[in-house]
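Novice: Below: one structure in structure tokens.
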Amino acid sequence: MGEPNLGLLATILQTGFFQLEDVSPASIAAYVRTLQALSPDQRIQAASQHTREAIRHAFKQVKMLGEDLPPYGAWRALAEARYGTLPHALQVRDPEYVTTIAGVDLARMASAVGFALEAAGVRWCLSGALARCAFGEPRPIADLEFLGVVEKPALPVLLKQLGEAFWANPAQLEEAADKRETAVLYHLATLTQIRFVPPGAEPQASALSRRVRVEGSACGRLWVQAPEDSVLQGLLAWRDADEGEEIHWRDVALLLAAQPAMDAGYLDASAQASDVAETLREARTQSGAGGGA
């Protein structure tokens, strides 16, 4: 039996957070098999661990730039490096509330937000980078993204359920609800940004209807967009990035490699409708996934 078709995974795996030192066909094939053997819960747990390690490293770098920065000042500098300017009103009541990096747990954070959305009567699913990690390769995550329509009547219940662990500008949430735009809030202890993105036209509308349930000790209970929709989202993110974001391409390539049983018909039709069909074919070639039209 010959070696599997690995496309350009040797090149792809030499970029990003986790770089494979041995890029021989046997090592790459073993890495892909390892990804395929992980459950979504295990992948989400690994992504949370990678995020803690990445933040710990970044936090040290921020403190090196200004040794006199208090803990909250360093956290804010780190968050502004991630997201740009933060709302001036975003302050922690007690600086000691910003505690240890070991407490950063994106999986449980996502589960808590999901519970609050359900309590507010919002149909939702996790999308964005963590959703890609759930079915592809675990990696550090800078923020959380949820697909769902948060109407104004749902806001009081949502904010009550989230409690004091989160901060939001009520006016921004109401304006986002009125205009069906992205709403933003922050987890205070970690300054993790959380976005609620209303589904637009296809394929986002299909993503919400095709969501899958993921359960486990790490993530609790989460609705997550299906692997096919994460591939499409990654391709669109790659296409629309101001500068080529290699991380999106790596996400897509390893999603395709780790999930060989995807619905190729749905993926092909959605990619054609989103004008990324050629990009999908290239990603399949580079990931060694094949399939499709």
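The values are calculated or read from the model by the stated rules, or taken from the named source; none is laboratory data. Here the structure is a predicted model, which is why all the values come from computation and not from measurement. No Cβ is skipped: glycine too gets one built from the backbone with ideal geometry, and neighbour counts run over all protein chains shown.
Novice: Looking at SER217, is it closer than 23 Å to ALA273 by Cα and at pLDDT below 90? Even if it seems obvious, please write down each step before you answer.
Specialist: On the way: closer than 23 Å to ALA273 by Cα: no; at pLDDT below 90: yes.
Here the answer is no, as SER217 does not meet what is asked.
Novice: Can you confirm whether SER230 is of a type in the set (Gly, Ala, Ser), farther than 30 Å from GLY73 by Cβ and either buried (at least 20 other Cβ atoms within 10 Å of the Cβ) or in contact with a Ser or Thr (Cβ under 6 Å, 6 or more places away or on another chain) (or both)?
Specialist: Numbers: of a type in the set (Gly, Ala, Ser): yes; farther than 30 Å from GLY73 by Cβ: yes; either buried (at least 20 other Cβ atoms within 10 Å of the Cβ) or in contact with a Ser or Thr (Cβ under 6 Å, 6 or more places away or on another chain) (or both): yes.
For SER230, the condition - of a type in the set (Gly, Ala, Ser), farther than 30 Å from GLY73 by Cβ and either buried (at least 20 other Cβ atoms within 10 Å of the Cβ) or in contact with a Ser or Thr (Cβ under 6 Å, 6 or more places away or on another chain) (or both) - is met.
Novice: Please enumerate the residues belonging to segment 251-266 that are surrounded by fewer than 23 Cβ atoms within 10 Å (Cβ to Cβ) and not aliphatic (A, V, I, L, M).
Specialist: Across segment 251-266, the qualifying residues are GLN259, PRO260, ASP263, GLY265, TYR266.
Novice: Go through segment 264-283 and give me each residue that's touching a residue at least 24 places away in the same chain (Cβ under 8 Å) and assigned to a helix (DSSP H, G or I).
Specialist: Correct list: ALA264, TYR266, LEU267, ASP268, SER270, ALA271, ALA273, THR279, LEU280, ALA283.
Novice: Hey, another quick one. Condition first: at pLDDT 70 or above and among the polar types (S, T, N, Q). Now tell me which residues in segment 90-119 satisfy that. Break it down stepwise before answering.
Specialist: First, pick out the residues of segment 90-119 that are at pLDDT 70 or above: 90-91, 104-119.
Correct list: GLN91, SER111.
Novice: Filter the strands (runs of 3 or more DSSP E) completely within segment 172-234 down to those with at least 1 residues that are out of contact with any Phe, Trp or Tyr (no Cβ under 9 Å at 6 or more places or on another chain).
Specialist: Details: elements: 183-187, 192-197, 212-216, 220-224.
It comes to 212-216, 220-224.
Novice: Please pick out the residue among ALA165, ALA129 that is in contact (Cβ under 8 Å) with a residue 12 or more places away in the chain, within 20 Å of GLY16 (Cβ to Cβ), out of contact with any His (no Cβ under 6 Å at 6 or more places or on another chain) and among the hydrophobic types (A, V, I, L, M, F, W, C).
Specialist: Result of the check over ALA165, ALA129: ALA129.
Novice: Something else: What tally of residues in segment 8-23 results from selecting those that are closer than 14 Å to ASP251 by Cα and assigned to a loop (DSSP other than H, G, I, E, B)?
Specialist: The total comes to 8.
Yes/no per residue for (1) assigned by TED's automatic domain parsing to the domain that holds GLU246; (2) in contact with a Gly (Cβ under 9 Å, 6 or more places away or on another chain); (3) assigned to a strand (DSSP E or B); (4) at pLDDT below 95:
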| site | (1), (2), (3), (4) |
| --- | --- |
| ARG132 | no, yes, no, no |
| ILE141 | no, yes, no, yes |
| GLU145 | no, yes, yes, no |
| ALA154 | no, yes, no, no |
| VAL157 | no, yes, no, no |
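Novice: What are the pairs, 6+ residues apart or on separate chains, where a residue within segment 213-233 that is in contact (Cβ under 8 Å) with a residue 12 or more places away in the chain has its Cβ under 8 Å from a residue that is assigned to a loop (DSSP other than H, G, I, E, B) and polar (S, T, N, Q)?
Specialist: GLY216/SER39; PRO227/GLN259; LEU232/SER274; GLN233/GLN225
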